[in-house]
Amino acid sequence: FQIYFQCKRYRSDRTVTGDDVRSFRGAMRGIGDKGLFITTARFTTSAQQEASRNGVEPIELIDGDALCDLLKQYRLGVNVTERSNEDVAIDTGFFEAI
């Protein structure tokens, strides 16, 4: 099946609306089986509702957080360094007993 996608690079204060998703669906109507809408920002509730509306081509939404998670998971364009933290506290009772 054919998948069409749209990517939007927005600042974090900008959101993707239901109208944005509806416009994308209109552009792919009749030529795509599924859509993928990727943004660096967030999706509004109306965008999420529009993407999962019954009776029309499904559109999967990937927001900025999910995009970062996918890039890390598949190591695409990122270097991941795992770190661990350790807290050490002095046991003052131990030193008083000596």
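The values are calculated or read from the model by the stated rules, or taken from the named source; none is laboratory data. Here the structure is a predicted model, which means the values were calculated and not measured. All Cβ positions, even for glycine, are placed from backbone atoms using ideal geometry, and neighbour counts span all protein chains on display. Please note that ligands, DNA and RNA were not included when accessible areas were found on the heavy atoms of the full protein model with its side chains. Shrake-Rupley method; radii C 1.70, N 1.55, O 1.52, S 1.80 Å.
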Practice task
Residues being outside any helix (DSSP H, G or I) and either in contact (Cβ under 8 Å) with a residue 40 or more places away in the chain or of a type in the set (Gly, Ala, Ser) (or both): count how many of those fall in segment 64-98.
Solution key: 4
Fill in the blank from the handout: The number of residues in segment 24-63 that are open to solvent by 70 Å² or more (accessible area, probe 1.4 Å), assigned to a helix (DSSP H, G or I), within 20 Å of ARG9 (Cα to Cα) and modelled with pLDDT of 95 or more is 2
Completion exercise
Apart from one, (1) in contact (Cβ under 8 Å) with a residue 40 or more places away in the chain; (2) surrounded by 15 or more Cβ atoms within 10 Å (Cβ to Cβ) all hold for SER12; the odd one out is (2)
Problem - Answer residue from segment 64-98, given it is out of contact with any helix residue (DSSP H, G or I) (no Cβ under 9 Å at 6 or more places or on another chain) and small (Gly, Ala, Ser) and is modelled with the lowest pLDDT among those - result: ALA97
